[in-house]
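Enquirer: Here you go, one structure.
The values are calculated or read from the model by the stated rules, or taken from the named source; none is laboratory data. Worth saying up front: this structure is predicted, and the values here are computed from it rather than measured. Methodologically, a virtual Cβ is constructed for each residue, glycine included, from the backbone with ideal geometry; neighbour enumeration extends over all protein chains shown. Accessible surface areas use protein heavy atoms only, side chains included; no ligands, DNA or RNA. Shrake-Rupley method; radii C 1.70, N 1.55, O 1.52, S 1.80 Å.
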Amino acid sequence: MVGKVSAIDYEATWYYPKEQDGWFHAHNALRADLTALQSMLDLFEAQLKGGIELSPVQRKTATRFLDCFLKFLHHHHHNEDDIATPYLATRFQVPEKIGADHKEMEALLEKFEGETRKLLAATNMEEQMRVLPGAKEAFAGFNRLCQEHLKEEEDTALPLMRKHFSHSEIKKHVVAKITRSMDGESVGVFLRPMTKEQRRAFAKQEGIPFFIRWILFRQAAKYQRNVWQPFQRACLPSGAAVSA
């Protein structure tokens, strides 16, 4: 149920554009990982057609990257469904399609995860070639809906949030809860698409103390070193999905 709606328009309390909001940055992180997964599947397809099976290193690094992506995505949906949406709904009607999309996306994601894990568990080229088309098809369906969903949230829910709530209210009742629940790998996924300058600007924008910034940036560096860079070297074409 929607609570009492204030006549005040809080947009002026947001001193940066919506594209610099943490919600938008989380979407950028998801889009970056989706691009990387598409590039990975395309490379695997070309490699298998060339008669070269997926190596143990490729399967291991891809599995680690997939695990981090799925964890970040599930965490993001939890943040929206269990933290952000209930709070936002106290002042405006959150579009029902957003919640419905999450349920549809979960079904598509389950199919994509299942097919991709079959591919990454296959130890011979014949089995890999048999499973790959299903993984690509499942990813295409999930990617399409996910991209549409992210844009819809940015075009509808995000502007409504900035209109009906002040920056300080969202920071206290939504952002603080979300940041406390993020682990080091999720921090790494979140920060990966940003340049160093963008990371510093975001930390300053959100009032993150210097010591905490140091911890977060170290977590991001660890993710780059242990997850992203091994995956990038083994599973992406040269120059694809370049990290910050």
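Enquirer: Select from the stretch 138-181 the residues that are among the hydroxyl-bearing types (Ser, Thr, Tyr) and open to solvent by less than 40 Å² (accessible area, probe 1.4 Å) and list them in ascending order.
Expert: Ser166
Enquirer: Further, regarding this structure: Let me spell it out: the conditions are (1) of a type outside the set (Lys, Arg); (2) open to solvent by 60 Å² or more (accessible area, probe 1.4 Å); (3) under 20 Å from Ile98 (Cβ atoms), and Asp9 meets all of them except one. Which number is the exception?
Expert: Exception for Asp9: condition (3).
Enquirer: Something else about it: Is there any pair with a first residue in the stretch 117-132 that is modelled with pLDDT of 95 or more and a second that is among the β-branched types (Val, Ile, Thr) whose Cβ atoms are under 8 Å apart and which are 6 or more apart or on different chains, and what are they?
Expert: Arg117/Thr63; Lys118/Val131; Leu119/Val131; Leu120/Thr63; Ala122/Val131; Met125/Ile52
Enquirer: Evaluate the following for Trp214: is it in a helix (DSSP H, G or I), surrounded by 13 or more Cβ atoms within 10 Å (Cβ to Cβ) and out of contact with any His (no Cβ under 6 Å at 6 or more places or on another chain)?
Expert: It is false that Trp214 is in a helix (DSSP H, G or I), surrounded by 13 or more Cβ atoms within 10 Å (Cβ to Cβ) and out of contact with any His (no Cβ under 6 Å at 6 or more places or on another chain).
Enquirer: Here are some residues: Leu37, Leu41, Leu66. Which one is more than 30 Å from Glu206 (Cβ to Cβ) and either of a type in the set (A, V, I, L, M) or modelled with pLDDT of 95 or more (or both)?
Expert: Leu41
Enquirer: State whether the residues of the stretch 188-199 include one that is farther than 16 Å from Gln20 by Cα and in contact with a helix residue (DSSP H, G or I) (Cβ under 7 Å, 6 or more places away or on another chain).
Expert: Yes: the stretch 188-199 contains one or more residues that are farther than 16 Å from Gln20 by Cα and in contact with a helix residue (DSSP H, G or I) (Cβ under 7 Å, 6 or more places away or on another chain).
Enquirer: Every residue in the stretch 109-124 that is hydrophobic (A, V, I, L, M, F, W, C), open to solvent by less than 60 Å² (accessible area, probe 1.4 Å) and either under 26 Å from Lys49 (Cβ atoms) or in contact with a His (Cβ under 6 Å, 6 or more places away or on another chain) (or both), please.
Expert: Phe112, Leu119, Leu120, Ala122 - these are the residues of the stretch 109-124 that are hydrophobic (A, V, I, L, M, F, W, C), open to solvent by less than 60 Å² (accessible area, probe 1.4 Å) and either under 26 Å from Lys49 (Cβ atoms) or in contact with a His (Cβ under 6 Å, 6 or more places away or on another chain) (or both).
Enquirer: How many of the residues making up the stretch 66-116 are touching a residue at least 40 places away in the same chain (Cβ under 8 Å) and small (Gly, Ala, Ser)?
Expert: So the count comes out to 2.
Enquirer: Pairs, please: C-beta under 7 Å, at least 6 apart or cross-chain, first residue free of Cβ contacts under 8 Å to residues at least 40 places away in the same chain and in the stretch 141-153, second among the hydrophobic types (A, V, I, L, M, F, W, C)?
Expert: Final answer for the pair search is Gly141/Leu108; Phe142/Met105; Phe142/Leu108; Phe142/Leu109; Phe142/Phe112.
Enquirer: Right, another one. Out of curiosity, is Gln38 in a helix (DSSP H, G or I), more than 28 Å from His78 (Cα to Cα) and out of contact with any Pro (no Cβ under 7 Å at 6 or more places or on another chain)?
Expert: Judged against the criteria, Gln38 is not a match.
Enquirer: Tell me which residues, restricted to the stretch 152-185, are charged (D, E, K, R) and farther than 23 Å from Tyr10 by Cβ.
Expert: Arg180, Asp183, Glu185
Residues are listed down the side, and each one gets a yes or a no for (1) surrounded by fewer than 19 Cβ atoms within 10 Å (Cβ to Cβ); (2) under 24 Å from Glu137 (Cβ atoms):
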{"residue": "Pro17", "(1), (2)": "yes, no"}
{"residue": "Gly22", "(1), (2)": "yes, no"}
{"residue": "Leu30", "(1), (2)": "no, yes"}
{"residue": "Thr35", "(1), (2)": "yes, yes"}
{"residue": "Gln38", "(1), (2)": "yes, yes"}
{"residue": "Gly51", "(1), (2)": "yes, yes"}
{"residue": "Leu73", "(1), (2)": "no, yes"}
{"residue": "Thr85", "(1), (2)": "yes, no"}
{"residue": "Ile98", "(1), (2)": "yes, no"}
